[in-house]
Amino acid sequence: MIKTNNLTKIYRTDEVETVALNNVNVEVTKGEFVAVMGPSGCGKSTLLNVIGLLDNPTNGEFYFNTQEVSKYTERMRTNLRKSNIGFIFQSFNLIDELTVYENVELPLLYIKMSSAERKKRVNEILDRMKIAHRAKHFPQQLSGGQQQRVAVARAVVTTPKLILADEPTVNLDSANGEELMDMLTQLNEEGTTIMMVTHSPTFAEYAHRTIQLFDGHIVTENIKKEFHL
Amino acid sequence: MFKNYLKIALRNLKKSKFFSFINIMGLSVGIAVSIMVSLYVVGELTVDKFNLHYDNIYRIETGQWFHVPAPLIPIIRTEMPGLEAAALTDRQSIKINFDNNDHTIRNTIFAEPDFFDIFTINIISGEGKSALEEPYKILLSEREAKKIFGDENAVGKQITVDKEYAFTVAGIFSDFPENSHLSLDALSSFKNRKIMTKQEDFYENWSNWNYQTYIRLSDGKNPNEVIDPFNIAFNDFVASMDEDRSEIVFNLRHLKDIYFFKDLNKNDYCKHGNMQYLLLFSMSAILTLIIAIINFINLSTARSSLRAKEIGIRKVNGAEKSDLIKQFMGESVVISAISFIFALILTELFLPQFNEIIDKELVLDLFSSPSTILSLIAGMPIIAVLTGLYPAFFMSSFNTIFILKRENIRGKRGLRSRRFLMVFQFIITISLILGTLIIYSQMKYMVNKNLGYDKEHILYFWMNSDLKEHNESLKQKLLENTEIKEVSIVHSLPGNFIMEWGRNLGSGTHVTFFSVPCDEDCIKLLNLEIVEGRNFDPDLESDKNAFILNEAFAKKFDLRNPLTESIDGNKIVGIVKDFTFQSLHHSIKPMAFTYFSDWSWLVSIKVMGNDIENAKEIIKNCCNEFSDEKVRVRFLKEDIEAKYANDKRFSLIFTIFSMLAIIISSLGLLGLISFEVNRRTKEIGIRKVLGATPLEIINLFNKELFILLGISSVIAWILGYYLLSGWLQNFAFRIQIGVWYFVLSGFITAFIALFTFSFLAYKAANSNPVDALKYE
């Protein structure tokens, strides 16, 4: 599903050049659950942003579903992203001015889904995430765990093929963290490919495979579980 | 999707109440002012346009006069190629009597029948054009007929005009539109003028240049092709009659130029607009709106960091740039729609006051005026686009990754454009303050200017024929009262219409000057200072028809020893110090008092004390002894002040508009500054931790502000000087634009800005630095 060849991302300011990713070669197969680990500033989030089509690499090739997308314009990336990728962030990133229902509905609006279909999908996913009773509440009225469940609901409501999670458990207590990991595992078992950045070795255990990044390089890859297509 | 945008827009409005208030209030006031000014401007620009033949109507004039003599009309009719219609007119105020009740019809136009082929008049009942063919008929406006006859049918009724002539009401016409240069309450045949002036040679008299004459040309006819051959024919005709007469050149003034052309030296009986006021009002309305729009742009971009997270999330969730632009534009549509609603309410509330100031009857007619509705419908999206476009593009181009990584994007971007807008706002504010100061000072100067004569205690009235017959006895009767100090019978007083004469000096030089025929008490009554010679002496037979000149007369015609000169053989007995006998818009022209009272119908009275109302009663009682008709006693000071009513009106409106603009601008400044302080909270915290005092922190902010203010002041001053010195050219007597006006305008703006800035910076500087830093 994902394949990168010598993926490089360099950030330049007037005087400093920072190499965030240095010739990274990653391959993620459809249905896989991959954890990305490494110290702060090693390039984990950058990798996730490039794979999530939020940013273009400086050099190298990037295949998404066999399409070479590294030179895509923002509009092309947006179009590809909106029906294929869901994001989960450590800070939940919910819009404070929208209710739970409206936050979850948001990606469906941008893929121009009909109103009836939207309603059905949002209600289904809220039920599944056990947050339906909070549909009319605003994010600030929810606990951290509840907010993250809303964020997951929003990430999966379009049934994306790939979910990218950037340290999704950081702001959660251990019970809520585990609950979230169970949710991700379940989604993965249903066929969704998942790539998750984490600092926690415990949560990395949920993945089939862990990639260790250091200074923009991949240093090791550990296979934790057997994964078969 | 639209519902989602609307929801977010309304929730955002609610969430940031202060900024929403500034935006909506500013826009509402700006739009309301614009609506009112537009109503005024549209009204002024459409004056006379209701006439079906608008494009082809002209008034025939000469360089000196707007009026022509009656015998000119046959020449007009024969010598103007392409002429469709021509009509001599004369406007008079007439007194009528019906059923023993007196009425005055102020605007009665005596016109030739072609008047109907020139102007568009809607006859409701009775005769139309045919009524102007014969004398002793009158057509009344619906309003006037109702005033005189109530609900009775007026057509066919007999009325007595000016006590001696029996007229028949021949027809009724719809009230003549207000937005016309003519005021018209009644129409009657021009033939009546010959009857009423009792001049046998009325149609042969070339010395009465009293009649405004309108013509209508055929479609597409170039007026130059008409007037040139006419002038040649006319001057040939004159030459054949009188070889000495100098050439007269006539010109045609198009209807569209009559309303906006006013030469205060010449009289016509038309209503006039003032193009300059129109432009200045429009400008101040547009400026108010621009300030409100800039506030909106400034505040939206400045506050964009608060929306950054939302923008990022939307982008991650599939929003394209165009989706976000649509969303933000949607929000400005919502705000401008709300502002329009408030603006309409404000307009409804304040239109009566505005009307009172400008002396008009504007109405905001939403339901019956498609053009008003259309312009409002067109105006709303324009305002929305102007306010929303820049912030929408600015915000939608935020980088998603930076936003979501919470990197500091707090309004650093767009800082330069925001500074530019702030400078622009300062420029407008300073210019408006400068304008208000100078216009106010000029008005104050005019009101307080010593006119050179006593206007404080003078009352006057025009005599009717009964009083004129007994004018000497009346004068004595008046002087018997202790309240009355002096009485003089004159032709006219300063501020009235003063005749212009052409005469020959003893040396043979032909001179034109303003002339006031009067008796020997006039100079004393007006408290004029005789600088040379003496007053008229009733005991000297040789003083009859003598002159007393003003200094300007002697100066203009270079009279070294004026007392040895003569005018048309009559001696000059004195020179008075110059005084303002016209308005302060004019420089003092040559004028002369003539000791000759046959033409004097005006009794001027100087009273003791300040009880003007009591004095008026005494005067009326004296008059009653000689005439049954009531006289209308006027107060000279009020008349003189009325001369400046337009200027005062203009100054008041300009002051109100400027105040509004300044308030809106200050609010915008407050918003910007509060954001700027907010943006630098962290910096303030760090500086405080490192030992900065609150004063040092305030100064840090004020330094940048001073630089921006300095740049703005210089630009505003140059702009203001240029515009205002142009405006002051309208006044012959005007203030000097001193340096202090500039300093003060800059100082007031600096005070508003520094006060706001310092207040907010002080608050920030005194807060606990830990609070500022822990947000990071």
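Assorted remarks:
- For the pair residue A:75 and residue B:183, label points projected 7 Å from Cα toward Cβ lie 6.4 nm apart.
- Taking amide hydrogens as placed 1.01 Å from N in the peptide plane, the amide H of residue A:218 sits under 5 Å from those of A:25, each at least 5 positions away in sequence or on another chain.
- Alpha-carbon spread of the stretch A:49-156, three principal axes, descending order, Å: 46, 30, 23
- Intensity falloff of the stretch B:302-453 expressed as log10 I(q)/I(0), Debye formula with alpha-carbon point scatterers, at q = 0.09, 0.10, 0.11, 0.13 Å⁻¹: -0.53, -0.63, -0.71, -0.87
- Across the stretch B:279-435, C-alpha contacts under 8 Å between residues 6 or more apart give a mean separation that, scaled by the residue count, equals a relative contact order of 46 percent.
- Over chain B: helical MRE at 222 nm, DSSP H runs n ≥ 4 each giving -39500 (n - 2.57), nearest 500: -17000 deg cm²/dmol
- The three principal axes of the Cα atoms in the stretch A:1-64 give end-to-end lengths of 42, 24, 19 Å, sorted in falling order.
- 16 Å reach of a label modelled at residue B:166, 7 Å along Cα-to-Cβ, counting backbone N of the stretch B:90-125: B:97-100
- Distance between the pseudo-spin-label points of residue A:27 and residue A:111 (7 Å out from Cα toward the beta carbon): 2.8 nm.
- Placing a label point 7 Å from the Cα of residue B:539 along the Cα-to-Cβ direction, no residue of the stretch B:455-486 has a backbone N closer than 16 Å.
- Full extension of the chain between residue B:198 and residue B:378 yields a length gain of 58.9 nm, computed as 0.36 nm times the residue separation minus the alpha carbon distance.
- Amide N of the stretch B:589-624 lying under 14 Å from the label point, which is placed 7 angstrom from the Cα of residue B:520 along Cα→Cβ: B:595-597
- Start at zero, step by 5 Å, and the Cα-Cα distances of the stretch A:143-229 spread as 3, 12, 25, 25, 18, 12, 5, 0 percent across the bins.
- Straight-distance crosslink candidates among aspartates and glutamates, where the alpha carbon sits under 17 Å from residue B:637 and sequence neighbours closer than 8 are dropped: B:454, B:456, B:486, B:611, B:613, B:647
- Legend: calculated FRET efficiency, residue A:40 to residue B:690, from the Cβ-Cβ distance at R0 = 30 Å, rounded to 0.05, equals 0.65.
- If the segment from residue B:123 to residue B:357 were pulled out straight at 0.36 nm per residue, it would be longer than the present Cα-Cα gap by 80.9 nm.
- Computed E for residue B:637/residue B:531 - FRET, C-beta separation, R0 35 angstrom, nearest 0.05: 0.90
- Charge-dipole axis of the protein assembly as shown as Lys and Arg at +1 and Asp and Glu at -1 on Cβ define it, positive-most pick from B:34, B:530, B:269: B:34
- With the convex hull drawn around the C-alpha atoms of the stretch B:648-698, the volume per residue stands at 62 Å³.
- Legend: mean number of C-beta atoms from other chains within 10 angstrom of residue C-beta atoms, peptide A:102-108, equals 3.
- Computed label-point distance, nm, for sites residue A:10 and residue B:53 using a 7 Å Cα→Cβ extension: 8.4 nm
- Descending semi-axes in Å of the stretch B:505-602, equivalent ellipsoid built from Cα gyration tensor: 18, 17, 13
- Just so you know, the Cα atoms of the stretch B:568-686 work out to an Rg and Dmax of 29.0, 94 Å.
- Range of Cα positions in the stretch B:220-343 per principal axis (Å), largest first: 95, 31, 23
- Rounded, prolate or oblate (a/c below 1.5 giving rounded, otherwise prolate when a/b exceeds b/c) for the stretch A:133-190 by Cα gyration tensor: oblate
- Summed over all non-identical Cα pairs, the Kirkwood treatment of the stretch B:573-642 gives a radius of 15.3 Å.
- For chain A, the equivalent ellipsoid derived from the Cα gyration tensor has semi-axes of 29, 20, 17 Å, listed largest first.
- Quarter the surface of the alpha carbon convex hull of chain B and you get the mean projected area, 43.6 square nanometres.
- Per-residue Cβ neighbour rank within 10 angstrom, fewest leading, B:221, A:224, A:136: A:136, A:224, B:221
- Applying a threshold of 20 Å to the alpha-carbon distances of B:95/B:468; B:163/B:198; B:577/B:616; B:194/B:468 flags B:577/B:616; B:194/B:468 as lying beyond it.
- Building the convex hull from the alpha-carbon atoms of the stretch B:452-567 and averaging its projection over directions returns 8.6 nm².
- Arranged from fewest to most other beta-carbon atoms within 10 Å of their beta carbon, B:568, B:90, B:558 become B:558, B:568, B:90.
- Qualifying chymotrypsin sites (Phe, Trp or Tyr not before Pro) for the stretch B:44-87 [loop in DSSP, other Cβ within 10 Å: at most 14]: B:50
- Semi-axis lengths (Å, descending) of the ellipsoid that matches the C-alpha gyration tensor of the stretch B:637-776: 44, 16, 11
- Taking the C-alpha atoms only, the angle from helix B:17-45 to the longest principal axis of chain B is near 20 degrees.
- Checked against a 18 Å cut-off, the cross-linked pairs B:544/B:606; B:449/B:485; B:485/B:620; B:147/B:630 give Cα-Cα distances beyond that limit for B:544/B:606; B:449/B:485; B:147/B:630.
- Hull volume in cubic angstrom per residue (convex hull over the Cα atoms of the stretch B:48-155): 139 Å³
- Solvent-free Debye calculation, one equal scatterer per alpha-carbon of the protein assembly as shown: log10 I(q)/I(0) at 0.05, 0.08 Å⁻¹ equals -0.54, -0.93.
- Helix A:174-189 axis versus longest C-alpha principal axis of chain A: approximately 80°, rounded to the nearest ten.
- Among beta bridges that DSSP assigns inside the stretch A:112-229, antiparallel share in %, nearest 5: 55 percent
- Degrees separating the helix B:275-302 axis from the principal Cα axis of chain B, which is the longest one: 10 degrees
Values in this text are rule-based calculations from the coordinates and carry no lab data. It should be emphasised that the depicted structure is a prediction, and the values quoted were computed from it without experimental measurement. With ideal geometry, Cβ positions are generated from the backbone for all residues, glycine too; neighbour counts draw on all protein chains shown.
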